[in-house]
Amino acid sequence: MVDYSAIKLNESSFDKLPARLRYNGLVADYYRTYADELKHDNFSRDYFERLYKNADLVENCSKYWEVDYYRLQRVKSLEKVNLCRDKFCVNCQSVLANARLHKFEPIIKDVWKTNKIFHCVFTVENCKGFVLKNVIKKMYKSFGYFVRYLNGRAKIRGLKFDYLGFKGGVRSLELTYNKEDDTYHPHFHCLLAFSKNLNLDKKFLNKFSYSKYSDEVRYFSQEEILFQKIWYLLNIGEKVNHINIDNVDLGYSVACDEAKETDMHEVFKYALKADFDKDVCLGFEQFKLYRESLLNLRIIQGYGNFLNYEFETNDFSAVELDVAIQEYKAQLRLVENPVRVYEQADILVDNIKSGKWNYITSGSIKKFILED
């Protein structure tokens, strides 16, 4: 008989699910309210009906679970859950972020063996909501040009980037909202692969060295200062040449530090912030603005060695591990064949906390196999 004690879910496994479901109810209301607004603005019927459909999908996301019930062994295996995959569903985006991390972490680590990877954050000035869409579009275009300078496909007379040994990178958009002054803070988290021999000598101070959130003082390298100026010129639409670079006193913040494994999470995480511990969720106006600003945009994009990877794909299979998981479940079936039942999320959470049944998932088995 399977020793399920090592693979069963504990009380904390679904701690955040009730809050996420409540948040999804709020998002569903946003979709319906937005659809009602557009209906009165004479938008096409297909457009606002799609919003109503999104509302239903988000509202019912993760509420019903398909469970294989092994009565004799008092085990319930969570096999399937209805997922909406909506960009405003924190539950789905959390699941997909973790899945992307597990899928692409080995690929990034393989590049890491022969290159030095930096976690770089590219920011622009905070902006008001009515210009957010244009600011983001400009950032996307500017970053594409910035990469062309790094890989040598575009030139700046008098400057060479060959010594950086740029191999490629992954760029991810994150958006935050500042309620105090009603502004938005779009920025990129990037993992950029450079030469193994590249060392950034950090010895310069500027305005970005200081933060109101920390007493720590940040020093910048010559390369970072140059990146800040180039990034600034690209985003304000000025020609990037040696003269204009020299005339820039302070660019836009660009910070590059040698990456740690935990920095991969920053790139693959959810782009929109919701903090359940502080009960901070998107407001309706932010929802509308984000939805229109991010429409048809690729949140995560690869460049160079990472160009051809579909980072936003929903196919997260891992064949070798899946085989091991199925073998583990086969041991349960040696005793009895399961009965497929359906459970509502609130009942499932209560049962896990009470310890009445031993709940397992492919994820809990996978974690046990990887850590064994």
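FYI, it's all coordinate maths here, none of it is from the lab. Source: prediction; values computed, not measured. Quick reminder, even Gly has a Cβ in these numbers, built from the backbone with ideal geometry, and neighbours come from all protein chains shown.
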Subject >> Folded to 0 to 90 degrees: helix 45-60 orientation relative to the chain principal axis, Cα >> reply: 60 degrees
**OP:** Could I have the simple spin-label model distance between residue 15 and residue 69, label points 7 Å from Cα toward Cβ, reported in nm to one decimal?
**Re:** 3.0 nm
Original post:
Residues in region 59-82 near a label at residue 336, defined as backbone nitrogen under 18 Å from the 7 Å Cα→Cβ point?
Top reply: 67-79
**OP:** Mind putting a number on the dipole of region 74-201 about its Cα centre? Charges go on the C-beta only, +1 for Lys and Arg and -1 for Asp and Glu, and I need it in Debye to the nearest 20.
**Re:** 600 debye
**OP:** Would you mind checking region 244-270 for residues with the amide N under 12 Å from a putative spin-label position 7 Å along Cα→C-beta of residue 221?
**Re:** 255-259
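Taking the Cβ of each residue in 172, 94 as the centre, tally the other Cβ atoms inside 10 Å and list the residues starting with the fewest. Each step should come with its number before you reach the end.
On the way: 172 22, 94 14.
Ranking 172, 94 by Cβ neighbours within 10 Å, fewest first, gives 94, 172.
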**OP:** Could you name the aspartates and glutamates whose alpha carbon sits less than 12 Å from that of residue 229, not counting residues in the same chain fewer than 8 places away?
**Re:** 238, 246, 249
**OP:** Return the Rg/Rh value of region 94-304, two decimal places, where both radii are evaluated on C-alpha atoms and Rh is the Kirkwood radius.
**Re:** 0.95
Original post:
Going toward the positive end of the dipole of the chain, with +1 on Lys and Arg Cβ and -1 on Asp and Glu Cβ, which of 92, 60, 235 do you reach last?
Top reply: 235
**OP:** Using a 10 Å cut-off on Cβ atoms, rank the peptides 225-235, 35-45 from the highest mean neighbour count down.
**Re:** 225-235, 35-45
Original post:
So for the pair residue 308, residue 56, with labels modelled 7 Å out along Cα→Cβ, what separation do we get in nm?
Top reply: 4.1 nm
Original post:
How big is the charge dipole of region 1-154 about its Cα centre, in debye rounded to the nearest 20, if each Lys and Arg gets +1 on its Cβ and each Asp and Glu gets -1 on its Cβ?
Top reply: 680 debye
Subject >> Distance violations [Cα-Cα > 22 Å] among 8/109; 138/212; 80/329; 116/239; 39/269; 116/160 >> reply: 8/109; 138/212; 116/239; 39/269
**OP:** At a Cα cut-off below 19 Å, give the lysines reachable from residue 133, other chains included and same-chain residues fewer than 8 away excluded.
**Re:** 87, 141, 179, 273, 288
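Given +1 on the Cβ of Lys and Arg, -1 on the Cβ of Asp and Glu, and no further charges, what dipole in debye does region 1-83 carry about its Cα centre, rounded to the nearest 20?
Values: 14 positive and 14 negative charges, 59 e Å.
Approximately 280 debye in magnitude.
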